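Structure, as structure tokens:
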Amino acid sequence: ISPSTRAEVIVVGGGIGGLSAALALTRQGLRVRVHEQASVFGEVGAGLQLAPNCTRILDRYGLLEEATDLGVLPEGMVMKDAVDARDLTRLDLRDLERRYGYPYLVIHRSDLHRILLRACERAGVELLTDACCVSYENVDGGARVRFADGGVDEAEAVIAADGLRSVARELLVRDEPVSSAYVAYRGAVPFEKVVGNGIHDRDVVVYVGPRCHFVQYPLRGGEMFNQVAVFESPKALAGEDDWGTPDELDEAFAGTCDQVRNGLPLMWRDRWWRMYDRDPIMTWVAGRIALLGDAAHPPLQYMAQGAVMAIEDGWVLGEHVAAQRARRTGGGSGVDWDAAFAAYEAVRPEHCRRVVTTARAWGELWHLEGLRRLQRNALLRGRDVYDYSFVDWIYGPTALTSEEEPEMFRPIPLDTALHAQR
Ligand code: FAD
């Protein structure tokens, strides 16, 4: 890698987080170069849910219409019990759109990734592949990255959007991904394959069950149907290396309702995703190097906010860069990077910490069994469908400062809540 001109910002990682950050910074007039380790830009996996706090940002980028055309705006989000298939609670997504001003959208991951990639190309982002970054260092007036092939690149600032197993994170903390012992199977299939399976064709549905859950929603204007099956792996709990295999999938859902079991043969059985997160960290910046997306805050997926938080990170950084920018000087961008990174770090880690820890607790609630499952069901059935106090702090406008961050719904510790039901 021997880029001929110096970029003002280097982004490492061309996933949803890296591309959206590159777009946000290019929109502020900066010269941005993305280095992606893979030989092509792309995304694996199936559907992605994008809550209003994300569609609001896509709208600012002028990308919401394209995303809406390729995705689906579901009518409701329904939570059901995976054993008896009874409704537990729901969100009315039309009302939710009125409340937050932006829709709840579901979209194929590769479609969202392609939308961002095209937007980057149009904006003039330099997009390089086959660039595996192996180390980062701060240098005078900027930061330097080194690649596996011996190449180096330097810029005023480096954004590390290199995902769950981030190399850059090692600059800030010596930690490891935390295994949840849960594993996800995915499958996006033509809609015809699920007709007659007892599906909801206009809703996002999550069936929550003992140590497992199952998610379903339509994709690509209703032509496709997305399913995700998640369960706790007994082999993972036993410390075996070969965990999450298809035999465990069938076993985990044996006691669930027909609507769930009908979906299992349609899951992709040749690959699965083991679920990891990391403990939250509150320092994301080392000099001119800043973490973004899963590199900073990989969550368990129960809040469907991982990609959303990554997109929010880029937006917030872009806004602070704009606020901390003087006129270009002597070939430099004119950005006061210390101030911009400090403002970014003053707001994003706390928000993402809340999401990561809430996702853990939310997952525990989904997976209860026995008496506690019945108690949870009673609590959820008692919830007013139009009570948004659980989600206002997430779905409202992305805060640029900690003062703008809404008061979080204060969850009652689960044990207290369950005790109150006895
Ligand atoms: P990644 O997608 O991991 O991208 C990192 C990129 O960096 C990759 O392209 C990688 O190749 C590259 N890279 C890595 N190391 C290097 C290196 N050393 N040098 C150069 N390049 C490198 N989120 C939602 O918002 N809504 C959902 O509904 C949702 N559902 C989910 C369901 C499941 C089952 C799972 C597993 C996750 C879900 N998520 C969801 C989370 C979401 O997928 C992630 O949080 C998001 O994709 C993270 O994006 P990222 O760009 O930060 O990281």
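None of the figures in this text is laboratory data; all of them are computed from the coordinates on show. Since this is a predicted model, take the numbers as computed values, not measurements. As a convention, Cβ positions derive from the backbone with ideal geometry for all residues, glycine included, and neighbour counts pool all protein chains shown.
Since only 236, 216, 253 are under comparison, the one whose Cα sits farthest along the positive direction of the charge dipole of segment 188-298, derived from C-beta charges on Lys, Arg, Asp and Glu, is 216.
Working note: 222 nm ellipticity from helices only, DSSP H runs with n ≥ 4, each -39,500 (n - 2.57), summed and divided by the residues of the chain, gives -10000 deg cm²/dmol to the nearest 500.
A cut-off of 5 Å between modelled amide H atoms, ignoring neighbours fewer than 5 places along the same chain, links residue 219 with 224, 225, 226.
Which three numbers, in whole Å and largest first, are the semi-axes of the equivalent ellipsoid of segment 296-350 derived from its Cα gyration tensor as √(5λ)?
Numbers: eigenvalues 162, 20, 12 Å².
Listed largest to smallest, the semi-axes of segment 296-350 are 28, 10, 8 Å.
Give the separation of the Cα centroids, segment 124-201 to segment 336-350, in Å. Result: 21 Å between the Cα centres.
Determine the relative contact order of segment 258-416: mean sequence separation of Cα pairs under 8 Å and six or more apart, normalised by residue count, in whole percent.
Details: 144 pairs, mean separation 35.4, N = 159.
Relative contact order comes out at 22 percent.
Is the shape of segment 341-387 rounded, prolate or oblate, going by the alpha carbon gyration tensor and its root eigenvalues a ≥ b ≥ c, with a/c under 1.5 for rounded and a/b larger than b/c for prolate? Verdict is oblate for segment 341-387.
Across segment 178-189, coupling constants 3J(HN,Hα) worked out from phi with the 6.51/-1.76/1.60 Karplus curve, θ = phi - 60°, read 9, 7, 8, 6, 9, 9, 10, 10, 10, x, 10, 10 Hz, and Gly and Pro carry x.
Order these by the 10 Å Cβ neighbour count, fewest first: 40, 32. Display every interim value, and only then the final one.
On the way: 40 8, 32 26.
Final ranking by Cβ density, sparse to dense: 40, 32.
The convex hull drawn around the Cα atoms of the chain, when projected onto a plane and averaged over every direction, covers 20.3 nm².
Taking amide H atoms as placed 1.01 Å from N in the peptide plane, the amide H of residue 278 lies under 5 Å from those of 178, each 5 or more residues away in sequence or on another chain. Helix 337-366 and the long axis of the chain differ in direction by around 10°, with both axes built from C-alpha atoms.
By the count of neighbouring beta-carbon atoms within 10 Å, fewest first, 77, 275 end up ordered 77, 275. Using the Stokes-Einstein relation with a Kirkwood hydrodynamic radius computed over Cα pairs, the translational diffusion coefficient of segment 123-197 at 25 °C and a viscosity of 0.890 mPa s comes to 151 µm²/s.
Assigning unit charges at the beta carbon (Lys, Arg +1; Asp, Glu -1) and nothing else, what dipole magnitude in debye, to the nearest 20, does the chain show about its Cα centre? Display every interim value, and only then the final one.
Numbers: 47 positive and 62 negative charges, 83 e Å.
For this selection, approximately 400 debye.
Over all directions, average the projected area of the Cα convex hull of segment 97-226 and note it in nm². Numbers along the way, then the final one.
Details: hull surface 53.3 nm².
Its average projected convex-hull area is 13.3 nm².
If neighbour count is taken as other Cβ atoms inside 10 Å, put 137, 176 in order from fewest to most.
Exposure proxy ranking, most exposed first: 176, 137.
What you get for segment 56-126, charging only the Cβ of Lys and Arg (+1) and of Asp and Glu (-1), is a dipole of about 160 debye around the Cα centre.
Taking amide H positions as placed 1.01 Å from N in the peptide plane, with prolines and chain starts having none, which residues 5 or more places from residue 368, or on another chain, fall under 5 Å of its amide H? For residue 368, the qualifying residues are 211.
What is the distance in Å between the Cα centroid of segment 216-247 and that of segment 15-77? Between the Cα centres of segment 216-247 and segment 15-77 lies a distance of 24 Å.
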